[in-house]
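The values are calculated or read from the model by the stated rules, or taken from the named source; none is laboratory data. Just so we're clear, the structure is a prediction, and the values are computed from it rather than from any experiment. We place every Cβ from the backbone using ideal geometry, glycine too, and count neighbours over all the protein chains shown. Keep in mind that these areas ignore ligands, DNA and RNA; they rest on the heavy atoms of the full protein, side chains included. Shrake-Rupley method; radii C 1.70, N 1.55, O 1.52, S 1.80 Å.
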Amino acid sequence: MRKSIVASIGMVAVVMTAWWGAAGCGKQQPAQVGIPPETVTDYVHAVIEADRTFYTVQVVERLQKRGKMVASEDWRVKHTLPLPAQFLMESGDLAMKTGAKVQYRLVGAWPINPQNGASTEFEKKGLESVRSHPERPYTETGTSGTEPVFRALYADRAVSQACVGCHNAHAKSPKRDFRLDDVMGGIVITIPLARTNHEGS
């Protein structure tokens, strides 16, 4: 499942590379070439959401209801399934290692682990925005180091009872009255805006 996310994001990266390569092949180019960054992050978000929802509903919930397997925080030690949030974070770490330069991470509005909360002004403002308007992402154009990037924060909703039950029952959860479809946080997606280097093309 994690590999399917990474493979899909890799395909998006190929599209982005082709777009930037085409932009670098001539001296004069139109002001806008290729796919807008907002559309690219929408593509990436759709893949992430589809795979995580499938994992949550068809793997975690299904196996737990049948008594076959459970999901837990210390899944590596107990040899259980990772929680849906951990699944997303692990796949995000794996995607970073592919070299595609597409990054994504989960940010909790009421995180059980404080390290998973908002750490930048963009993330803080983004969480406020999607809590009020979950139907649209909060975006900005900025930099990562010296590289120009586009960021989008999408609402992260409680897609299943497994998400709701975990947060409502956890001893360290700062909020314990979640309901299905509530906004629990956000998914931050960052993509590069600089063209890849195609000198000599």
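Tallying residues that are over 24 Å from Arg151 (Cα atoms), at pLDDT below 90 and loosely packed, with under 13 Cβ neighbours inside 10 Å within region 171-201 yields 3.
Checking each residue in region 42-66 for being closer than 19 Å to Asp93 by Cβ and among the aromatic types (Phe, Trp, Tyr) picks out only Tyr55.
Can you work out which of the residues in region 91-116 that are part of a helix (DSSP H, G or I) and in contact with a helix residue (DSSP H, G or I) (Cβ under 6 Å, 6 or more places away or on another chain) is farthest from Ser144 (Cα to Cα)? It would help to see each step written out before you state the result.
Start the filter on region 91-116 by keeping residues that are part of a helix (DSSP H, G or I), which leaves 91-96, 114-116.
After this cut, where a residue has to be in contact with a helix residue (DSSP H, G or I) (Cβ under 6 Å, 6 or more places away or on another chain) as well, the list is 91, 94-95.
Numbers: Ser91: 21, Leu94: 19, Ala95: 17 Å.
Ranking the qualifying residues of region 91-116, first place goes to Ser91.
Considered as a group, the residues in region 144-170 that are hydroxyl-bearing (Ser, Thr, Tyr) and in a loop (DSSP other than H, G, I, E, B) include one that is modelled with the highest pLDDT, and that residue is Thr146.
How many residues are within 28 Å of Gln103 (Cα to Cα) and open to solvent by 70 Å² or more (accessible area, probe 1.4 Å) if we restrict to region 70-90?
Our first condition is that a residue be within 28 Å of Gln103 (Cα to Cα); within region 70-90, this holds for 71-77, 79-90.
Cutting the leftovers down to open to solvent by 70 Å² or more (accessible area, probe 1.4 Å) gives us 73, 76-77, 79.
Qualifying residue count for the region: 4.
Against the list (1) closer than 24 Å to Ser91 by Cα; (2) in contact (Cβ under 8 Å) with a residue 60 or more places away in the chain; (3) open to solvent by 40 Å² or more (accessible area, probe 1.4 Å), the condition Ser144 fails is (2). Scanning region 90-138 for residues that are over 15 Å from the mean Cα position of the chain (by Cα), of a type in the set (Gly, Ala, Ser) and under 13 Å from Ala155 (Cα atoms) turns up Ser129, Ser132. Of all positions in region 185-201, at least one carries a residue that is more than 18 Å from the chain's Cα centre (by Cα) and among the basic types (Lys, Arg).
Is it fair to say Leu127 is in contact with a Lys or Arg (Cβ under 9 Å, 6 or more places away or on another chain), outside any loop (DSSP other than H, G, I, E, B) and either over 25 Å from Phe54 (Cα atoms) or of a type outside the set (Phe, Trp, Tyr) (or both)?
Values: in contact with a Lys or Arg (Cβ under 9 Å, 6 or more places away or on another chain): no; outside any loop (DSSP other than H, G, I, E, B): yes; either over 25 Å from Phe54 (Cα atoms) or of a type outside the set (Phe, Trp, Tyr) (or both): yes.
Criteria not met by Leu127.
Taking every residue in region 33-58 that is acidic (Asp, Glu) and pairing it with any residue that is in a helix (DSSP H, G or I), at least 6 positions away or on another chain, the pairs with Cβ-Cβ distances below 9 Å are Asp51/Arg2; Asp51/Ser4; Asp51/Ile5; Asp51/Ser8; Asp51/Phe87; Asp51/Leu88; Asp51/Ser91.
Among the candidates Asp93, Asp181, Asp177, which residue alone is touching a strand residue (DSSP E or B) at 6+ places or on another chain (Cβ under 6 Å) and of a type outside the set (Gly, Ala, Ser)? Quick ask: steps written out before the conclusion?
Working: Asp93 fails: touching a strand residue (DSSP E or B) at 6+ places or on another chain (Cβ under 6 Å); Asp177 fails: touching a strand residue (DSSP E or B) at 6+ places or on another chain (Cβ under 6 Å).
Sole residue among the options that is touching a strand residue (DSSP E or B) at 6+ places or on another chain (Cβ under 6 Å) and of a type outside the set (Gly, Ala, Ser): Asp181.
In the set Gly67, Gly108, only one residue is closer than 24 Å to Leu180 by Cβ and open to solvent by less than 30 Å² (accessible area, probe 1.4 Å); that residue is Gly108.
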